[in-house]
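> Structure incoming, see below.
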Amino acid sequence: MVSTDVSAPAAATPWESEDIQLARVRQFVVSDIVAAIGGLVMLAVFWFVWQPDWIWVVAAPVLFSLSVLTYSLHMLRQRRLSAAVVAVAASFWLVMPAITFVLPPSFGACALATIWPVLLATPYVDRATLRFLAYVTFPVSLLSLAFSLRGDPFGVEETLGTTVMNLCLVGIGITFALLTLIMIWAYNSRLQDTLAGLHESNARLAANERQLEEKVAARTDELESASAYLRAVIENLPQGLVTLNGDGVVLERNAAFVDQFALDATEISLSEFPEPLQELVAGLSSPATNAAEPTSEEPTFVSLTRDRVGKASGTRITVAGGGTQDNIGAVVLVDDVTAERQIDRMKTDFISTVSHELRTPLTSVLGFARIIQRRLDERVFPNVDTNQRGVERAMRQVESNLDIILDEGGRLTNLINDVLDISKMEARHVEWAFEPTSLTDVVDQAVSATDALFADSPVSVVVDLDPDLPLVSGDRERLVQVVINLLSNAHKFTESGHVAISTSRAMASDNATASDVVLSVSDTGIGVAEADLPLLFERFRQVGDSLTDRPAGTGLGLPICREIIDAHGGTIDASSQLGVGTTFTVRLPSVEAAGRVETSHRFSAGRNSDDDASKLLELFSQQPLVADERPRAIDPENDGRPHVLVVDDDEGIRRLLRDIFQTEGYRVSEATSGEAAVHLASNERPDLITLDVLMPGMSGIDTAIALRTSASTATVPLVFISVLDRIPGPSLGVEAHVTKPIDTDQLLTLAAKLVTRAKPSSEDVVVVNASAAVLTTIVDGLERFGYERADGAATLHGSSASPDGVRLVIANSSTDAGYPEINRWVFRRGNDELVVIAFETENKSKHNRAEELHE
Amino acid sequence: MTTTARTVLIIDDEIHIRALLEQTLEDLLDDGVEIELAEDGQAGLDAVRELKPDLVFLDAMMPKMNGYDVCQQVKSDPATASTYVVMLTAKGQEIDRIKGEEAGADIYSTKPFDPDEILELARQVLGLE
């Protein structure tokens, strides 16, 4: 219980083991036992000589204390130091008052002796035990004092005689003096030991210190050589190098850096750095909060002295600490890229020059070939006597050879354009016009542009677009170029089957986030061998046996695609199976903030179908197809006659067309330029527009694009009237193309067909698979928009209803039942466009049906 | 439509290109159009000032004076500013297009050009359709 005070240290000190302490106390106990036995012997002598009465008063405590001392030895053997010391003290407390009781003059020695155990205990026991010893010693000493005050109660002096009495006192004195000496000796040896221990510790400490110093010296040497090595590397780096601490304070810079910026070699300050470098450093000083953040900043270009250009790249120096990366500084490396830049410029100049030098002779070759072709067709062949032997065959040969020259010339032109394109992209000389772009629009445009390509082939294009696609940040023209490239590539290698183009959101995976947009173009063509896949995107590589199935093209289409997609921060990959087909997958990061694509026509008809159906109607009113045709029906100026807008800069042609159309009962407006046409068309909403192609200012093609992209005129049928026989009509959404000289009958037939098609009729809208409630809402809404309800059921079940003239289908996409129907109509109606608005009764994202299906 | 003879000037240092353009526009001779040739920028500019042509086909890269400078001079002189200038260049780079537009060219055409388009364009500019 005494030793529960843990804060009090047991006397064990580093230099004195517990064994030594036990030995010291044992010496004292043994000397006590010897003293006690001596006392007993003396008492025995007294007994035999004098037989005094008081002998038992002393002998009994001495005997008892002897047994207590034996107990103390026992405690020591059990290594219980405190208990042993207390036992020693108890033996003194018993004996000393007894001696004073019998022999009052011995008080001095006895009082001192009662204090010894405390002195003895001081170094060995804990504080609580010491306090206990002191508390008991005090009353025991007082008791002895009280006893000593009484004269000679037992007449010891009388019995023993003064001499013996004094001898006894002297004996007691000597005994205690001896005990004191023993104690002093014990203290002394203890002190000696302590000193020796101290000495030894000091020596050990000194040795350790020496060892440490040696180690430090060795390390310092190592460091010095390493640092000298590093210094040499850094100093001799051709690049400028500067290190900064975490606060952006410059620590070191090498000679190249000082030279690059013509700095004061003695002054080190961030403020004298050029501005782009300071910005770079500022960027680096902002701490990288997590490990995922790149430790490097984008390289920046800085101008160096002597008109040189440097590329500065910075890297943070970080240490991992508590799960985060602590920014302890940064390194900035400035590379002199003047030479690279020069070479780059030389390369670009070279390619530009070469392309110029190639184009000039090519112009002559192609131009003259074309003139020869024309002259032969117009002037020579009609006058040749084909009856002569071999002449007709020669004519055919000449014709086909000229075609070859023109085709190959065209290919060469494309090749030059592609080479110029890719070298500009590689040299980063392309200005990208990034803006939030709808991939749906991009695909639409590309599909239109390749219409002609697929029109004459048995291969069809299947389009499946996700209407919920987020916008991407992209250069629209370039993305269209990519999709056109992929489509024409697919066409090139596919002999039968189909080419499918689809868009979707990416599945989240290791290298993509769910916000990515995926566009894929797959074909059912010849496929590519697995080993050849990586070669696909290499320049001038056309995979396969190019001798047997030499495909047309420049071999630069896919590399250009990759350059474009790279510049967009996206990826392009190919997967293929020989004989089965190839799939190209493009991933582009979306513009999250830009919100949803406008053409998102999805909504869901849930429990509150009225609500959702009115959403559908709202959507309807945004559809130019429906909304724009309504005003025409109630237009007071519209006298029922179809309205044609004639656009031509030539007065003669305008007059001719006006006569043709007016005779047939058309109302005719005229525009002399593309700009006027766009203005007039949006105000008057004609039923048909005829467009001249070559006009000063805005060309017919530009006008067509402007008309098609404006909501109010997007659906008005367009007819090109031109001398040219090759115009990109289908890609611009132009319905027809009439060549000059004008065939009146052909033009009028065409116009009649187009004007009728554009007119809304009661059959124009078909609702598929709607529930009764939704159907009622839609039909009511449509009536409000000026549509008339046809007789009979408005719902289409099965194939009995006639879908001819249908331009808009509203379909419930929750069941697939409506779709086979729609597909059939689309096939039946050929190239005509069918607008489908799909709605769902549940939120089913897997039904990502296209709004617009093309044949 | 005026009855005065119309003139087309072809300025190109490449003899074949000059011949090609001349032959392309040959059909216009029947309509009373005159075709003149110049073989470098300086000669071309002199010819423009002297002949006051209605239409000029102008090559961009030429010795002595390049096409952009010729165009600029033609367009900045009130006496010749109404001339319709077709800039022909082999480059087709965006920067060249901008240069051509800054010089005031009416149309910018990239080599190799289609003779049919050139003829149609000439017809339109000269009002011969």
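> Could you count how many Lys pairs in chain B have their Cα atoms under 16 Å apart, skipping same-chain pairs fewer than 8 positions apart?
4
> Enumerate by residue number the trypsin sites (Lys or Arg not before Pro) in the stretch A:99-160 meeting two conditions: DSSP loop (anything except H, G, I, E, B), and at most 16 other Cβ atoms within 10 Å of the site's Cβ. Walk me through the numbers on the way to the answer.
Details: sites: A:Arg127, A:Arg131, A:Arg150; in loops: A:Arg150.
Sites meeting the loop and neighbour criteria: A:Arg150.
> Can you pull out the chymotrypsin sites (Phe, Trp or Tyr not before Pro) in the stretch A:108-139 that DSSP calls coil and that have at most 14 other Cβ atoms within 10 Å?
Qualifying residues, ordered by number: none.
> Please report the relative contact order for the stretch A:341-426, taking Cα pairs under 8 Å with a sequence separation of at least 6, and give it as a percent rounded to a whole number.
52 percent
> Follow-up. State, as an integer percentage, the relative contact order of the stretch A:58-121 based on alpha-carbon contacts under 8 Å between residues 6 or more apart. Numbers along the way, then the final one.
Details: 61 pairs, mean separation 22.3, N = 64.
Across the stretch A:58-121, relative contact order equals 35 percent.
> In peptide A:354-361, how many Cβ atoms from other protein chains are near each Cβ within 10 Å, on average? Numbers along the way, then the final one.
On the way: counts 0, 5, 9, 2, 3, 8, 11, 5.
Taking the mean over all residues of the peptide, I get 5.
> Quantify how strongly other chains surround peptide B:12-19 by giving the mean number of their Cβ atoms within 10 Å of each of its Cβ atoms.
Numbers: counts 2, 1, 4, 1, 7, 5, 1, 4.
That works out to 3 on average.
> Right, something else. Which trypsin sites (Lys or Arg not before Pro) in the stretch A:53-121 pass both tests, a DSSP loop state and at most 14 other beta-carbon atoms within 10 Å? Write down the numbers at each step before the final one.
Numbers: sites: A:Arg77, A:Arg79, A:Arg80; in loops: A:Arg79, A:Arg80.
When the trypsin sites (Lys or Arg not before Pro) of the stretch A:53-121 are filtered for loop state and at most 14 Cβ neighbours within 10 Å, A:Arg79 remain.
> Same structure, new question: Just to check I understand the Karplus step: with θ = phi - 60° and J = 6.51 cos²θ - 1.76 cosθ + 1.60, what whole-Hz values come out for the stretch A:518-532, glycine and proline as x?
Karplus-based 3J(HN,Hα) across the stretch A:518-532 equals 10, 10, 10, 10, 10, 10, 10, x, 6, x, 10, 5, 3, 5, 8 Hz.
Each reported figure results from applying straightforward, stated rules to the coordinates on display, with no laboratory input. Remember, predicted model here, so these are calculated numbers, not experimental data. Neighbour counts are summed over all protein chains in view; Cβ atoms, including those assigned to glycine, are modelled from backbone coordinates with ideal geometry.
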